Amino acid sequence: MAYSDKVLDHYNNPRNVGSLDRASSSVGTGMVGAPECGDVMKLQIQVNDATGIIEDAKFKTFGCGSAIASSSLATEWLKGKSVDEALQIKNTDIVNELSLPPVKIHCSVLAEDAIKAAISDYRKKQGSDVAVTAAQTVA
Amino acid sequence: MKSPIYLDNHATTRTDPRVLEAMLPYFTENFGNAASRNHEFGWTAEQGVEKARKQIASLIGANAKEIIFTSGATESDNLAIKGVAEMYAEKGNHIITAATEHKAVLDTCKKLEKHGYRVTYLPVQGDGLIDLQMLKEAITDKTILVSIMYANNEIGVVQPVAEIGKLCRERGVLFHSDAVQAIGKIPVDVNADNIDIASITAHKLYGPKGVGALYVRRRSPRVQLTAQMDGGGHERGMRSGTLNVPGIVGLGEACAIAQRELAQEMERTRALRDRLRARLEAGLDEVYVNGSMEHRLPGNLNISFAYVEGESLLMGINDVAVSSGSACTSATLEPSYVLKALGLGDDIAHSSIRFGIGRFNTQEEIDYVSDKLIDVVRKLRELSPLYEMFKEGIDLSTVQWAHD
Ligand SMILES: Cc1ncc(COP(=O)(O)O)c(C=O)c1O
Ligand code: FES
């Protein structure tokens, strides 16, 4: 398979690799996928509780190059956004930005799910009842 | 060192320059049809074909009359299995094969099931070998054929072929073996191994693509096959079609070279394989060899790098040609059925790389590839949430994963 330059760039220079303090009340953690499916994505956000702005984002991904690129791109996009704005990120935006072929769409869906799961975790910690449902985008 | 480095010799091999040289005259001056009986062109072509038949037979301890030419192993497997099924339909309708066979065997068997045949797919043990006791128990008085490959194309595991053949012989059941990966790589002898029918393809032993052969035993027992291709009655009526003379000459030459060089080539590829394995194991933790190390082709290494996904691994070594059992590299997004048949978790299948070391690989290449792979695995493990959990002492099998 031929990879787009952007996928290769994220693969070779992944942005924001790492972990944030899971226990902190201003950190939201999303972990999606499963090892037997060949993909697990962990995405974390650090939110400024006063402003609601995402100040930091980190990821770790077990998966193909497109899954790594999708999550790396997601962390770039998350930083500086408000939590509400972050919820607007769609897997199709990732597909377009990275020029993912059809068989790799599910890798972008996983990234969207990871964003939603991280925000949901953050909101739960903050005691907010605004439930976030992971989008069931058809891959 | 030339780049990219080719370490995918189970998929196909480079045509040996000596093979190509032997073939060339049969495209030009000696272009005749081997079936033309009344002129020089035909005779010369026929001589080339008959020499090749002897060379192939000699490599596997057969008689030249027992070699039927085909277009490759897919056709050979089809002809063997369907040909026996049709010819011996009155005797029985039961076929036994194994879960780790090549698709050319498995899908042929599936097709026969649609036509009323019954097929037993034997499971394999954790090391990839079939259980002889299980085979013994699976044979019934309706069994007409056992088809078990000699060596596996993914894990290189070599089955106890001689014992399988002996068991079949005792029960009066024909034994077919897809010997594609074994012939020219390890000693194969159809008599010592009690094989009745064997599939061969040229492109796995440094010959050209699109030409193969089927060994069909002529006495004790005499095997008969119903032709699957009707026409001019070539190849003792078992396979019609004008012979691919240059290809056949190439297959013959490839067998002759293999016969001369087998022992030293086995030793050389085994040393390279063992070196690759030793370097990878010295440089990394959590690497697992898939399948028996003892019963294995000398040039094969199938190895999993836990907590790293195979396709991302291949991306990191893009100047090295290998393949992976990961679902992400397959069109169907299913991990390798061969690795799954060993009882391995899907996660280990997703993390696997198959190396096929061959005649043209060098120690320099092996060293380059192992160094590079160690780097890439380390880098990807830094990216891997699973490796992080493993290092924190979390047992991944107890984690509740969020499935969609
Ligand atoms: C074990 C085995 N059987 C059959 C085949 C099919 O051979 P061919 O490509 O000649 O049809 C292959 C190679 O792909 C193989 O590895
Ligand atoms: S994670 Fe399997 S194709 Fe992307």
Subject >> Alpha carbon Rg of the range A:1-134, scaled by the compact-globule rule 2.2 N^0.38 Å >> reply: 0.99
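From other protein chains only, count the Cβ atoms within 10 Å of every residue's Cβ in B:344-350, then give the mean.
On the way: counts 0, 2, 5, 7, 2, 2, 8.
Mean partner shielding for this stretch: 4.
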Subject >> Options A:Leu98, A:Val83, A:Gly65, ranked by Cα towards positive dipole end of the range A:5-125, top entry (Cβ charges) >> reply: A:Val83
Subject >> Across chain A: Cys residues that no other cysteine approaches within a C-beta distance under 4.7 Å >> reply: A:Cys37, A:Cys107
**OP:** Please report how far the C-alpha centroid of the range B:1-68 lies from that of the range B:264-332, rounded to the nearest whole angstrom.
**Re:** 32 Å
Subject >> Dipole moment magnitude, nearest 20 debye, the protein assembly as shown about Cα centre, only Lys, Arg, Asp, Glu C-beta charged >> reply: 1540 debye
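If packing is taken as the average count of other Cβ atoms within 10 Å, what order do B:78-91, B:274-287 fall into, highest mean first? The partial results should precede the final answer.
Values: B:78-91: 20.6, B:274-287: 15.9.
So the peptides B:78-91, B:274-287, ranked by packing, come out B:78-91, B:274-287.
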Original post:
How well do other chains shield peptide B:308-320, expressed as the mean number of their Cβ atoms within 10 Å of each residue Cβ?
Top reply: 4
Original post:
What span do the alpha-carbon atoms of chain B cover on each of the three principal axes, reported in whole Å from largest to smallest?
Top reply: 77, 52, 37
**OP:** Give me the number: length gained by fully extending B:Trp43 to B:Ser58, i.e. 0.36 nm times residue separation minus the C-alpha to C-alpha distance, one decimal in nm.
**Re:** 3.2 nm
Original post:
Ignoring ligands and nucleic acids, what accessible area does A:His106 show with a 1.4 Å probe (Å², nearest 10)?
Top reply: 50 Å²
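What is the packing order of peptides B:105-116, B:204-215, B:48-59, taking the mean over residues of other C-beta atoms within 10 Å and listing the highest first?
Sorting B:105-116, B:204-215, B:48-59 by mean packing, highest first, produces B:204-215, B:48-59, B:105-116.
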Original post:
Which of the peptides B:264-271, B:347-354 is most tightly packed, and how do the rest follow, judged by the mean count of other Cβ atoms within 10 Å per residue?
Top reply: B:347-354, B:264-271
**OP:** Express in Å², to the nearest 10, the accessible area of B:Glu235 obtained by rolling a 1.4 Å probe over the protein heavy atoms while all chains stay in place.
**Re:** 20 Å²
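Rounded to the nearest 0.05, what FRET efficiency do A:Ser19 and B:Ser220 give with R0 = 51 Å and r taken as the Cβ-Cβ distance? Could you check? Don't skip to the end; give the middle numbers.
Working: r = 69 Å, r/R0 = 1.34.
Using R0 = 51 Å, I get an efficiency of 0.15.
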**OP:** Could you tell me what percent of the DSSP beta bridges with both partners in the protein assembly as shown are antiparallel, to the nearest 5?
**Re:** 65 percent
**OP:** Can you work out the accessible area per residue across the protein assembly as shown, with the rest of the protein chains kept in place, probe 1.4 Å, in square angstrom?
**Re:** 41 Å²
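Can you give me the % of accessible surface on the protein assembly as shown that is carbon or sulfur? Probe 1.4 Å, all protein chains present, nothing else counted. If you can, show how the numbers build up before the last one.
Working: 11180 of 22130 Å².
So the carbon and sulfur contribution to the accessible surface is 51 percent.
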Original post:
Mind checking which of A:Ala74, A:Ala50, A:Ala114 has the largest fluctuation in a GNM of chain A, springs on alpha carbons under 10 Å?
Top reply: A:Ala50
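Can you give the average number of partner chain beta-carbon atoms within 10 Å of each beta-carbon in peptide A:56-62, as a whole number? Don't skip to the answer; put the middle values down first.
On the way: counts 0, 0, 0, 2, 9, 7, 16.
Mean partner-chain Cβ count within 10 Å for A:56-62: 5.
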**OP:** Using θ = phi - 60° and the Karplus relation 6.51 cos²θ - 1.76 cosθ + 1.60, list the HN-Hα couplings for the range B:79-90 in order, rounded to whole Hz, with x at every Gly or Pro.
**Re:** 5, 4, 6, 5, x, 6, 4, 6, 5, 9, 4, 6
**OP:** Name the long-range amide H neighbours of B:Val119: under 5 Å, sequence gap of 5 or more, or other chain; modelled H, no Pro or chain starts.
**Re:** B:Ile95
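So if I average 1/r over every pair of distinct C-alpha atoms in the protein assembly as shown and take the inverse, what Kirkwood radius in Å does that give?
On the way: mean 1/r = 0.0389 Å⁻¹.
With all distinct Cα pairs of the protein assembly as shown included, I get 25.7 Å.
Compute the Kirkwood hydrodynamic radius of the range B:359-404, taking the inverse of the mean of 1/r over all pairs of distinct Cα atoms, and give it in Å to one decimal.
Working: mean 1/r = 0.0755 Å⁻¹.
Result for the range B:359-404, one decimal place: 13.2 Å.
The values are calculated or read from the model by the stated rules, or taken from the named source; none is laboratory data. Just so you know, these numbers come straight off a predicted model, no measurement behind them. Reconstructed Cβ throughout: ideal geometry from the backbone, glycine too, with neighbour counts over all protein chains shown. Note: areas computed on protein heavy atoms with side chains; ligands, DNA, RNA excluded. Shrake-Rupley method; radii C 1.70, N 1.55, O 1.52, S 1.80 Å.
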